[in-house]
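Working notes, beginning with the structure itself.
The values are calculated or read from the model by the stated rules, or taken from the named source; none is laboratory data. Remember, it's a predicted structure, so these values are computed and weren't measured experimentally. Note: ideal-geometry Cβ built from the backbone for every residue, glycine included; neighbour counts use all protein chains shown. Each accessible area value is taken on the protein alone, full model and side chains, heavy atoms only, with ligands, DNA and RNA left out. Shrake-Rupley method; radii C 1.70, N 1.55, O 1.52, S 1.80 Å.
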Amino acid sequence: DQQVKQNSPSLSVQEGRISILNCDYTNSMFDYFLWYKKYPAEGPTFLISISSIKDKNEDGRFTVFLNKSAKHLSLHIVPSQPGDSAVYFCAASAMGNTPLVFGKGTRLSVIA
Amino acid sequence: KAGVTQTPRYLIKTRGQQVTLSCSPISGHRSVSWYQQTPGQGLQFLFEYFSETQRNKGNFPGRFSGRQFSNSRSEMNVSTLELGDSALYLCASSLGDVAGGNEQFFGPGTRLTVL
């Protein structure tokens, strides 16, 4: 039973265009959501997060949108750059020291 | 400030053996979590330790165990290795609860291959 789903295993985008990575969750107790980026041979690195009290959080080229009623969040990267090519993981957590639950990841390829 | 370090980086074992992986968190971090990453399953939570106590445990068999020392360093052990245990094992540390806004920092992982 996957509580966090990233239904697109891969995505290709041209440099300069927008990349949109999607994530769905099933557990209504989740109230904190994060995106991580992972390059080969490295551990994941934190990118951006959003609390359930917000519907949008922006950090430079990265924006995360949260639609609680649809239990859906998305990560927008604009403009996309070749260095953004990596695997992106969506993760969620509920209050009270519960562990992060990760999706299976989406491999983003930004083509120059 | 040094990041999360994991040793060894690569390991090859045979079925039935046991293995111990080590993780040194960022200085001052008291929470250490372990994850298993396999190609089809993403990151799956193994367990979390906070101040030497196991605070959370994932859905893995009892062959997977861990501990945390007083200096916050952590080890995980897998006994009676199976082929399916081949994976990248990631350790992550944080000051406290991630949902409380504490960022979780990952190490580079230990790539375990079971033959």
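If the cut-off is 22 Å between C-alpha atoms, which lysines fall inside it for residue B:57, apart from same-chain ones fewer than 8 positions away?
A:5, A:104
Which FRET efficiency value, to the nearest 0.05, do you get for residue A:72 and residue A:41 by plugging their Cβ-Cβ distance into 1/(1 + (r/R0)^6) with R0 = 30 Å?
Computed FRET efficiency for residue A:72 and residue A:41: 0.45.
Within chain A, what whole-number % of the accessible surface is contributed by carbon and sulfur, with the 1.4 Å probe and all protein chains included in the calculation?
After summing per-atom areas, the C and S share lands at 50 percent.
Could you tell me which of rounded, prolate or oblate describes the stretch A:1-50, using a ≥ b ≥ c as the square roots of the eigenvalues of the alpha-carbon gyration tensor, with rounded for a/c under 1.5 and, failing that, prolate when a/b is larger than b/c and oblate otherwise?
prolate
Accessible area of chain B with a 1.4 Å probe: how many percent of it is carbon plus sulfur?
So the carbon and sulfur contribution to the accessible surface is 48 percent.
Taking only the alpha-carbon atoms of the protein assembly as shown, what semi-axes of the equivalent ellipsoid follow from 5 times the gyration tensor eigenvalues under a square root, in whole Å, largest first?
Calculated on Cα positions only, the semi-axes equal 29, 20, 16 Å.
Chain A: Rg/Rh from Cα coordinates, Kirkwood Rh?
My calculation of the ratio gives 0.95.
Order A:99-107, B:102-110 from most to least packed using the mean count of other Cβ atoms within 10 Å.
Highest to lowest by the protection proxy: A:99-107, B:102-110.
Could you give P(r) for chain B, binned at 5 Å from zero, as whole percent values over all Cα-Cα pairs?
2, 13, 24, 26, 19, 10, 4, 1, 0
Taking 0.36 nm per intervening residue step and subtracting the Cα-Cα distance, what contour gain separates residue A:2 from residue A:59 on full extension?
Using 0.36 nm per residue and subtracting the Cα-Cα distance, I get 17.7 nm.
Whole number in Å², please: accessible area per residue of the stretch B:69-115, 1.4 Å probe, ligands, DNA and RNA not counted.
36
Mind checking the dipole of the protein assembly as shown: about its Cα centre, +1 per Lys or Arg Cβ, -1 per Asp or Glu Cβ, Debye to the nearest 20?
Using only the charged Cβ atoms, the result is roughly 300 debye.
Before I look further, what does the stretch A:1-62 give for accessible area per residue, probe 1.4 Å, in whole square angstrom?
Ligands and nucleic acids excluded, the figure is 56 Å² per residue.
Mind checking which aspartates and glutamates have their Cα closer than 13 Å to the Cα of residue A:71? Skip sequence neighbours fewer than 8 apart in that chain.
A:24, A:31, A:55
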